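One structure is given here, and the rest of the page talks about it.
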Amino acid sequence: MKEKLVVIGNGMAGIRTVEELLKVAPETYEITVFGSEPYGNYNRIMLSPVLAGDKTIDDIMLNDEQWYVDNGISLYKGKEVTEIDRVGRKVITADGTSEYYDRLLIATGSTPFIIPVPGHDLDGVVSFRDIYDVDQMLDAAKQHKHAVVIGGGLLGLEAANGLIQQGMSVTVVHIMDTLMERQLDAPAAEMLKKSLEERGMNFLMGAETEAIIGKDRVEKLRFKDGTEIYTDLVVMAVGIRPNFALAEKAGIHCEHGIVVSDTMQTFDPRIYAVGECVQHRGVAYGLVAPLFEMAKVCANHLAQHGIGRYVGTVTSTKLKVTGIDLFSAGDFTGDENTEELVFQDAARGVYRKLVVQDNRIKGAVMYGDTIDGSWYFDLMRDETDITDFRENLLFGQAHLGDSGHGEDNRVVTMAESAEICGCNGVCKGDIVKAITDKKLFTLDDVRAHTKASSSCGSCTGLVEALLAHTVGGDYSTAPHQKPLCGCTEHTHDEVRAAIKDQGLKSIRAVIDTLGWDTPDGCSKCRPALNYYLVCEWPAEGIDDYQSRFINERVHANIQKDGTYSVIPRMWGGGTTPKELRAIADVAEKYKVKTVHVTGGQRIALYGLRKEELPAIWHELNQAGLVSGHAYGKALRTVKTCVGKEWCRFGTQDSTHLGIELEKMTWGSWTPHKFKMAASGCPRNCAEATIKDFGVVCVDSGYELHVGGNGGIKVRATDFLCAVKTEEEVLEYTAAFMQLYREEAHYLERTAPWIERVGLTYVKEKIVEDEANRKVLAERFLYSQKYMQTDPWQERAEGTDKHEFEPLKVVAG
Amino acid sequence: MVAAMSENWIEVGKMNDIPQLGSRVVRTSQGDIAIFRTAKDEVFALRDKCPHKGGPLSQGIVHGKRVACPLHDWKIHLDSGEAVAPDEGCAASYPVKLDGDRILLSLMPKEGCPNQ
């Protein structure tokens, strides 16, 4: 017998929880849902566009009635639960229907607050909460001319905007002196007001309603100062209150919401609650992002998996008024302990303010151009130290380091045909269509359905902006603590710590100890786990090749047609006639289709069949050529110029240095590919300042630069320090690589890693702490003792034969 | 089923010829067929061609009863050959069975999926 789960509330929080539950444990419960509204589940935050005529009710339906049928869920529409009998474990509705439960989920949401002034119950006085309210407003707009919206907050302004779109003359009455005072500071509020006035919205600021006057229907409004305004419709949008009367009546502990624990349980352990009706750690939320996080945690516990805790959400806000971009998060007012960074360009209609304390962002307000909102929000939630890029912070992420994609940042004004994802050729129209048609809510959903942002990731900000704009504004961009992959709740850092502290020495041990949801991981986590294990225990020989991506498994790069490329190492970019002859011989003998000079100063052979690889490697080995690891998350190349041996400007022997660096570091596995360069003088012909680690020789010694990237987003290196001798260069290199190897997340290049942890941190560990530098360098060299075996030679001699030969050739 | 009538089992190798969570190909005149071995020693056979861009599935990472295509990381169900939603498409699936540790393959693809 399945257990019975009853859900009170057919809104976004309750149904999202059910959806999450069906995903992880579809067979656990027989589910019954009670909803007081006569509809399926719809996206309540999209009521504003419905009112404005931008969308229809059908557009915003999330789960139609067929969905309930398909998932075997009993839905009672238009039935309000009036009693919970906790002793008898059943819920009872107004018409006497009762339903037994093993587990109960309360998701009763919130109700609009109605100011109890005289006349609040007249016809023509409505709130703005559900489809019924929207229908009433749309009816009024057809028959009447004048509307008053009480409340100049998010909801009130959206309602006013919608009514203007419906042809009404609208006045917003607000008790405060500035609009949206809970989200905006005075300058941003003033810009917003001006822009709304240009659209025909009227405002009465600092006005307190005393009475609503009329015979049967509202006729006018009177304020405390005695003035009056004529109107045919009054929309009350002054806030919401958690709806917990039912729970309270049943004796469940409530304060200003139903009090829940981090597992979303009420004081009665059989009864869970999620959404706007709850109070978690003293906070009641009125936005959708927290509710989705709650739903996930609650579903996990209902499924009896028992992992995951809800620890609260830092929320951000956007206004859903077409053509107005506005973003607000955190503490945007500040106090005597905070500083403000402000950027204002009134002519362009752009305003940004960041509130900073101890070099960490505490809050942000943006008006006009909000593309960087999600970036500031991430910096705020992660409490990132902004010291190193503070001077460029206000100009946005695109101005960090250097140029990148020079895209138009305003997704709203982009054409439908504008390409958002350059890797996968996905246009704005495709993404918007997928979000709308498939009811997508998260970045991961969009990635799965459209592939946008799933390759290099440089368009992630744009995709998030599109998502926010299409489904409604207040979606959290991504969870604060990002799990390593869908198999686990644990983060990269938690997994690494467990491997180290608990001495885990196999992928199986990690998966079992940390309780993965999948039997043996996935293509995302297994390579990461394998890297973390190899990095932590270099001497143990625990490399699991079945968990490596094909390129690393066979030590060659797979190409689009399933053939492979071969790139031998050329130390410091140098080669010899003998090596070139061997490459030429192999190219002719194996009929290589393309011989190409790479950007890393080596020669690549393309179009080789896998079976041929060991023989080719054998021949290359004979000339002294070894694997270039061009296929790996590993040390790639050390690019050099010829330096003072030949160049009249050269200050040091950069070629020799490059070779020494490559001899020391080849064969090491890293979180992502790792490139180096050594230039003989500040003319920097080896382009050392866009490498992960770059050396620029100067007359007095060597300048060391870190965290550069010439790829997806060009980023010039940060200057680490200057040293005097080659020995020091080698020591700093080893220490830097080891710090990166031990602390970066798998698939995180040095550039984003340094932006995450801060250059100051890297300097502390490597430049300022000599003892630590030496320890790191020693650990690197210790690991290298076990890594510097040419994988090509091993395979030429028969290792992993099964990888290169077919299982069988059959005639049939 | 119809396919069962014309099944002609060919021994293609032993269980231990394929690593756990690994795959190897059988070369045939109708193209490569990838034989997969899961962590639980189940064996599956699919046409070695991802429905997306033709990537060799035999080179992918095997996890659970799925394989991730090496080219663009599409996930394919090993038992049915169907792409894991929301991706759509399938790779033809072939009957395969064990006789002791001998792996027996039929070259007659199961019905329900175009062989291309």
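The values are calculated or read from the model by the stated rules, or taken from the named source; none is laboratory data. Remember, it's a predicted structure, so these values are computed and weren't measured experimentally. Reconstructed Cβ throughout: ideal geometry from the backbone, glycine too, with neighbour counts over all protein chains shown.
Structural remarks
- Among the residues making up the range B:21-41, those that are facing chain A (nearest Cβ under 7 Å) and either at negative phi or out of contact with any strand residue (DSSP E or B) (no Cβ under 9 Å at 6 or more places or on another chain) (or both) are B:Gly22, B:Arg24, B:Val25, B:Val26, B:Arg27, B:Thr28, B:Ser29, B:Ile35, B:Ala39.
- Qualifying strands (runs of 3 or more DSSP E) (wholly inside the range A:154-260; at least 3 residues being buried (at least 24 other Cβ atoms within 10 Å of the Cβ) and touching a Gly at 6+ places or on another chain (Cβ under 9 Å)): A:169-174, A:233-236
- In the range B:63-86, of all residues being small (Gly, Ala, Ser) and facing another protein chain (nearest Cβ under 8 Å), the one that is surrounded by the fewest Cβ atoms within 10 Å (Cβ to Cβ) corresponds to B:Gly64.
- Verdict on A:Asp232 being more than 32 Å from the chain's Cα centre (by Cα) and touching a residue at least 40 places away in the same chain (Cβ under 8 Å): yes
So that you can scan it fast, the table gives a plain yes or no per residue for (1) crowded, with 21+ Cβ neighbours inside 10 Å; (2) touching a strand residue (DSSP E or B) at 6+ places or on another chain (Cβ under 9 Å); (3) in a helix (DSSP H, G or I); (4) among the β-branched types (Val, Ile, Thr):
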{"residue": "A:Tyr606", "(1), (2), (3), (4)": "no, yes, no, no"}
{"residue": "A:Glu611", "(1), (2), (3), (4)": "no, no, yes, no"}
{"residue": "A:Ala615", "(1), (2), (3), (4)": "no, no, yes, no"}
{"residue": "A:Val638", "(1), (2), (3), (4)": "yes, yes, no, yes"}
{"residue": "A:Phe649", "(1), (2), (3), (4)": "no, no, no, no"}
{"residue": "A:Ile659", "(1), (2), (3), (4)": "no, yes, yes, yes"}
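- Lone qualifier among A:Thr384, A:Thr370 - being hydroxyl-bearing (Ser, Thr, Tyr) and either farther than 20 Å from A:Val463 by Cα or free of Cβ contacts under 8 Å to residues at least 24 places away in the same chain (or both): A:Thr384
- Enumeration of residues in the range A:787-796 that are more than 14 Å from A:Ala634 (Cβ to Cβ) and touching a residue at least 60 places away in the same chain (Cβ under 8 Å): A:Gln793, A:Arg795, A:Ala796
- Residue within the range B:1-14 that is aromatic (Phe, Trp, Tyr) and either more than 22 Å from A:Ile558 (Cβ to Cβ) or at the interface with chain A (Cβ under 10 Å from one of its Cβ atoms) (or both) present: yes
- A:Gln265 passes every criterion in (1) over 27 Å from A:Gly153 (Cβ atoms); (2) modelled with pLDDT of 95 or more; (3) surrounded by 22 or more Cβ atoms within 10 Å (Cβ to Cβ) apart from (3).
- The single residue among A:Val757, A:Val729 that is assigned by TED's automatic domain parsing to the domain that holds A:Gly707, surrounded by 21 or more Cβ atoms within 10 Å (Cβ to Cβ) and farther than 30 Å from B:Arg37 by Cα turns out to be A:Val729.
- Residues satisfying the stated conditions in the range A:94-124, i.e. part of a strand (DSSP E or B) and of a type outside the set (Gly, Ala, Ser): A:Glu99, A:Tyr100, A:Arg103, A:Leu104, A:Leu105, A:Ile106, A:Thr111, A:Pro112, A:Asp123
Here is a yes/no grid of residues against (1) of a type in the set (Val, Ile, Thr); (2) under 27 Å from A:Thr491 (Cα atoms); (3) surrounded by 21 or more Cβ atoms within 10 Å (Cβ to Cβ):
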| site | (1), (2), (3) |
| --- | --- |
| A:Lys318 | no, no, yes |
| A:Leu326 | no, no, yes |
| A:Gly334 | no, no, no |
| A:Asn337 | no, no, no |
| A:Leu341 | no, no, no |
| A:Ala347 | no, no, no |
| A:Val350 | yes, no, no |
| A:Ala364 | no, yes, yes |
| A:Asp385 | no, yes, no |
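- Condition met for B:Gly60 (facing chain A (nearest Cβ under 8 Å), crowded, with 17+ Cβ neighbours inside 10 Å, under 24 Å from A:Gly486 (Cα atoms) and under 14 Å from the mean Cα position of the chain (by Cα)): yes
- Scanning the range A:390-429 for residues that are buried (at least 19 other Cβ atoms within 10 Å of the Cβ) and at pLDDT 85 or above yields A:Leu393, A:Val426, A:Lys428.
- Neighbours by Cβ (under 7 Å, 6+ apart or cross-chain): first from the range A:500-516, in contact (Cβ under 8 Å) with a residue 12 or more places away in the chain; second among the aromatic types (Phe, Trp, Tyr): A:Lys505/A:Trp537
- The set of residues from the range A:483-513 being within 24 Å of the chain's Cα centre (by Cα), more than 12 Å from chain B (Cβ to nearest Cβ) and part of a loop (DSSP other than H, G, I, E, B) comprises A:Leu484, A:Thr488, A:Glu489, A:His490.
- Candidate set: the range A:426-466, residues that are of a type in the set (Ser, Thr, Tyr), farther than 22 Å from A:Asn709 by Cβ and within 14 Å of chain B (Cβ to nearest Cβ); chosen: the one farthest from the chain's Cα centre (by Cα): A:Thr450
- Total residues in the range A:761-812, condition of a type in the set (D, E, K, R), under 37 Å from the mean Cα position of the chain (by Cα) and either away from chain B (no Cβ under 14 Å) or within 30 Å of A:Phe389 (Cα to Cα) (or both): 10
- Residue satisfying all of: in the range A:514-547; within 17 Å of A:Glu794 (Cα to Cα) and charged (D, E, K, R); farthest from the other protein chains (Cβ to nearest Cβ) among these: A:Asp543
- Residue in the range A:565-574 that is closer than 25 Å to A:Met664 by Cβ, under 27 Å from the mean Cα position of the chain (by Cα), crowded, with 18+ Cβ neighbours inside 10 Å and not charged (D, E, K, R) present: no
- When the residues of the range A:9-32 are filtered to those that are out of contact with any helix residue (DSSP H, G or I) (no Cβ under 7 Å at 6 or more places or on another chain) and among the β-branched types (Val, Ile, Thr), the one that is surrounded by the most Cβ atoms within 10 Å (Cβ to Cβ) is A:Val18.
- Those residues of the range A:87-104 which are of a type outside the set (Phe, Trp, Tyr) and surrounded by fewer than 16 Cβ atoms within 10 Å (Cβ to Cβ), in sequence order: A:Val87, A:Gly88, A:Ile92, A:Ala94, A:Asp95, A:Gly96, A:Thr97, A:Ser98, A:Asp102
- Qualifying residue in the range A:744-751 (condition: among the hydroxyl-bearing types (Ser, Thr, Tyr), part of a helix (DSSP H, G or I) and in the same structural domain as A:Ala688 (by TED's automatic domain parsing)): yes
- Candidate set: the range A:559-568, residues that are farther than 13 Å from A:Ala604 by Cα and not small (Gly, Ala, Ser); chosen: the one farthest from the other protein chains (Cβ to nearest Cβ): A:Thr563
- Those residues of the range A:268-285 which are of a type in the set (A, V, I, L, M) and surrounded by 18 or more Cβ atoms within 10 Å (Cβ to Cβ), in sequence order: A:Ile271, A:Ala273, A:Val274, A:Val278, A:Ala284
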